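Just so you know, all these numbers are worked out from the coordinates, no wet-lab data involved. Here the structure is a predicted model, which is why all the values come from computation and not from measurement. Positions of Cβ are generated from backbone atoms using ideal geometry, with glycine treated the same way; all protein chains shown enter the neighbour counts.
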Amino acid sequence: MQQSPFKTIEWKDEKIVILDQRKLPTRMNYVTCKDPECVISAIKTMVIRGAPAIGVAAAMGLALGAKLSRTSTRDEFLHEFEALCDRFAASRPTAVNLFWAIDRMKSLARSIPFPSVKATLREEALKILDEDIQTNRAMGSFGKELIPEKASILTHCNAGALATGGFGTALGVIYAAAEEGKSIQVYADETRPVLQGARLTTWELHQYKIPVTLITDNMAGMLMKDGKIQLVIVGADRIAANGDTANKIGTYSVAVLAHHHGIPFYVAAPLSTFDPSLATGDAIPIEYRDKKEVFYCGKRRIAPRGIQAFNPAFDVTPAELITAIITEKGIVTSPNVPSIAKLL
């Protein structure tokens, strides 16, 4: 597989450089963050998105905040640093990788002497980035075994290099299978209302020279009925102890359709996406976004004024609809509480 022609996020010249995913696919613009508030804004406004990617961004933003700190004692530093952690935690509520990265950085900050903690936090953030890429590669290595020699695959939203530090979760499995020489055709749901599938997944797959066909969200059932889909693979933003999985809104509908048609439905996610503190998906916090995203397609309003809109960013797919979860430590088939507890 060719080297990716883009980087989602990197630490460069003591700044954080982020590919602005709001501008894709028409423009490759980068946002350069000189302070942590810029990174928080980038997460909130979806300059960067995808559960693993915002975890990496939070770690880097915290390291940048530590570097810029003017505190003179350890207590002052920790007070300021933990307040910054709280601001990052408030940026988006559903993706648990964000909170995993924050907790990892916070625990490290509490354990390292001042002022060497600043350099250590920077090293840890870069380590989290590198680990994410290696984790995705490992997921791809396990997941590619689930892909037939010739496969038409449906995916929903974007779970590729754009949603991670690099390579990708769901798309990483597809890339790994392609590297092995398997013949793959991908169908990408457009993913209303922000169109991550149309704007990002198709763009990314095209960069990697993977054949991709864009469909609207309401076409998946027809393709399954006509035998054009062999499997579905998606990413995840949070997985409860029993395997219930939160992912981009519309994922649940795809899972129901796949179950009805007897099509395998796979989730690819790192261990950092699991939240064993939540017994079921009913406890996963769901983010509700600005109603304007529903009223508009791009800059064009597509609905009359004076009406209401409903805009949850995620839904939860019950574990019984999931054929298997692909992780960096292996594959969990028919996920449930014991199998996930054993994995973790």
Practice prompt. Pick out which of 186, 294, 316 has the largest mean-square fluctuation in a Gaussian network model of the chain, springs linking Cα atoms closer than 10 Å.
Written response: 294
Worksheet, complete the sentence: Taking Cα atoms only, helix 170-179 is inclined relative to the longest principal axis of the chain by an angle, in degrees rounded to 10, of 70 degrees
Worksheet item: How large is the dipole of region 9-136 about the Cα centre if only Lys and Arg carry +1 and Asp and Glu carry -1, each at its Cβ, rounded to the nearest 20 debye?
Response: 360 debye
Practice prompt. Per residue of region 62-76, in order, report the coupling 6.51 cos²θ - 1.76 cosθ + 1.60 (Karplus, θ = phi - 60°) as ³J(HN,Hα) in whole Hz, putting x for Gly and Pro.
Written response: 5, 5, 5, x, 5, 4, 7, 4, 10, 5, 10, 10, 4, 4, 5
Worksheet entry | Net length gained if the chain between residue 333 and residue 83 were fully extended (0.36 nm per residue, minus Cα distance) | 86.0 nm
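Before rounding to the nearest 500, sum -39500 (n - 2.57) across all DSSP H runs of length at least 4 in the chain and divide by the residue total; then give [θ] at 222 nm in deg cm²/dmol.
Values: 11 runs with 129 residues, N = 344.
When only DSSP H runs of four or more count, the value is -11500 deg cm²/dmol.
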Worksheet item: Would you list 288, 175 from fewest to most Cβ contacts within 10 Å?
Response: 288, 175
Practice prompt. Can you tell me the 0 to 90 degree angle between the C-alpha axis of helix 251-260 and the longest principal axis of the chain, rounded to 10?
Written response: 30 degrees
Discussion item. Sort 284, 302 by Cβ crowding within 10 Å, fewest neighbours at the top.
Written reply: 302, 284
Fill in: the chain: angle of helix 96-111 to the longest principal axis, Cα-based, in degrees nearest 10
20 degrees
Worksheet entry | Positive dipole terminus of the chain, leading residue within 78, 90, 211 (C-beta point charges) | 211
Item to complete: Give, as ranges by residue number, the residues of region 242-276 whose backbone N falls under 15 Å from the point 7 Å along Cα→Cβ of residue 282.
Response: 242-245
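Mind checking the dipole of the chain: about its Cα centre, +1 per Lys or Arg Cβ, -1 per Asp or Glu Cβ, Debye to the nearest 20?
On the way: 40 positive and 36 negative charges, 207 e Å.
In debye, rounded to 20, the chain gives about 1000.
Using the 10 angstrom Cβ neighbour count as an exposure proxy, how do 205, 19, 214 rank, fewest first?
214, 19, 205
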Practice prompt. Take the chain, connect every pair of alpha-carbon atoms lying under 10 Å apart with a spring to form a Gaussian network, then pick out the residue of 236, 283, 151 with the largest mean-square fluctuation.
Written response: 283
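Considering only DSSP beta bridges whose two residues both sit in the chain, what percent are antiparallel, to the nearest 5?
Numbers: 22 of 42 bridges.
Once the DSSP bridges in the chain are tallied, antiparallel ones form about 50 percent.
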Discussion item. As I understand it, the dipole of region 251-293 uses +1 on the Cβ of Lys and Arg and -1 on the Cβ of Asp and Glu, about the Cα centre. Which of 260, 276, 288 lies farthest toward its positive end?
Written reply: 260
Worksheet item: When only C-alpha pairs under 8 Å and at least 6 residues apart count, what is the relative contact order of region 38-161, in percent?
Response: 31 percent
Discussion item. With no other cysteine's Cβ closer than 4.7 Å, which Cys residues of the chain count as lacking a disulfide-compatible partner?
Written reply: 85, 157, 297
Practice prompt. List every residue whose amide H lies under 5 Å from the amide H of residue 278, counting only residues 5 or more places away in sequence or on a different chain, with H placed 1.01 Å from N in the peptide plane.
Written response: 241
Discussion item. Taking 19 Å as the cut-off for C-alpha to C-alpha distance, list the pairs among 44/106; 7/299; 209/329; 7/209; 12/67 that go past it.
Written reply: 44/106; 7/299; 209/329
